[in-house]
1. Of all residues in the stretch 122-131, which are under 19 Å from the mean Cα position of the chain (by Cα) and either surrounded by fewer than 20 Cβ atoms within 10 Å (Cβ to Cβ) or of a type in the set (V, I, T) (or both)?
2. Which of the following residues is within 22 Å of S45 (Cβ to Cβ), surrounded by fewer than 22 Cβ atoms within 10 Å (Cβ to Cβ) and out of contact with any Cys (no Cβ under 7 Å at 6 or more places or on another chain): D119, D178?
3. Name the single residue, out of those in the stretch 139-150 being in a helix (DSSP H, G or I) and touching a Gly at 6+ places or on another chain (Cβ under 9 Å), that is nearest to L177 (Cα to Cα).
4. If a residue has to be over 23 Å from G58 (Cα atoms) and small (G, A, S) to count, how many in the stretch 166-200 make the cut?
5. Taking the stated definitions as given, is A97 among the small types (G, A, S) and under 15 Å from the mean Cα position of the chain (by Cα)?
6. Here are some conditions: (1) open to solvent by less than 40 Å² (accessible area, probe 1.4 Å); (2) in a loop (DSSP other than H, G, I, E, B); (3) at negative phi. L59 meets all but one. Which one does it not meet?
7. Scan the stretch 186-205 and report the pairs whose first residue is over 13 Å from C167 (Cβ atoms) and whose second residue is in a strand (DSSP E or B) and among the acidic types (D, E), with Cβ atoms within less than 6 Å and a gap of 6+ or a chain change.
8. Quick test for you: out of L136, L102, L98, pick the one residue that is touching a residue at least 60 places away in the same chain (Cβ under 8 Å) and in a loop (DSSP other than H, G, I, E, B).
Amino acid sequence: MSVSDNPGPFFRIEALRQSFDGHPVLRGVSFDVPRGKTTVILGGSGAGKSVLLKHLNGLMRPLAGSVQVEGKDINDLSERDLTPIRRQIGVLFQDGALFDSLTVGENVAFPLREAGDRDEDGIRYRVNEVLELVGLKGQEWKMPDILSGGMRKRVSLARAIAGRPACMLYDEPTAGLDPILSENITRLIAEMKDELRLTSVVVTH
């Protein structure tokens, strides 16, 4: 069954529980994330938003409850079996998580090479394509340490969508940005959802 043929939610979270050192963080969380829509999860600092996000692609395993991706329960899958599911899910980390020793272009190309792509011409084309989508065309030779906070977020977003995911997870995408840059990143997230028909989950305070 293809993504377009599946009428159900992209994610289904049921009675999810997690705790650290005996302190509950997630207390029976249940909700659906509809396909092709943007779902926003609001909460204060320490409320468990980022912890919840890490359960959606199997980076964390719950103490109880379940996470389904495209109707498939991922709780008990091996790392190997999780790989194709994770390729459907791009992540924009709170701090961008760029490799400072790699150029912008090399950062964006990294997930493609990690996935086994050896077509260098195709990789360069895709890098240029996604950098243009985020408004950074021609910036592929710059190093991350000379970029502004907003540009680093855009590079991180380009890297996250390079592998053509069906879904994007955003962890505090405007953290540390001034109001103008925050508005620009928020607008860009909306544009990516519309242009690429992405399912999006945004966690923010």
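1. Residues satisfying the conditions are V127, E129, V130.
2. Among D119, D178, only D178 is within 22 Å of S45 (Cβ to Cβ), surrounded by fewer than 22 Cβ atoms within 10 Å (Cβ to Cβ) and out of contact with any Cys (no Cβ under 7 Å at 6 or more places or on another chain).
3. Going through the qualifying residues, I end up with G149.
4. Number of matching residues: 4.
5. Yes.
6. The number of the failed condition is (1).
7. The qualifying pairs are V203/D171.
8. L98
The values are calculated or read from the model by the stated rules, or taken from the named source; none is laboratory data. What you see is a predicted model, and the numbers here were worked out from it, not measured in a lab. Quick reminder, even Gly has a Cβ in these numbers, built from the backbone with ideal geometry, and neighbours come from all protein chains shown. What goes into the accessible areas is simple: the full protein's heavy atoms, side chains included, and nothing from ligands, DNA or RNA. Shrake-Rupley method; radii C 1.70, N 1.55, O 1.52, S 1.80 Å.
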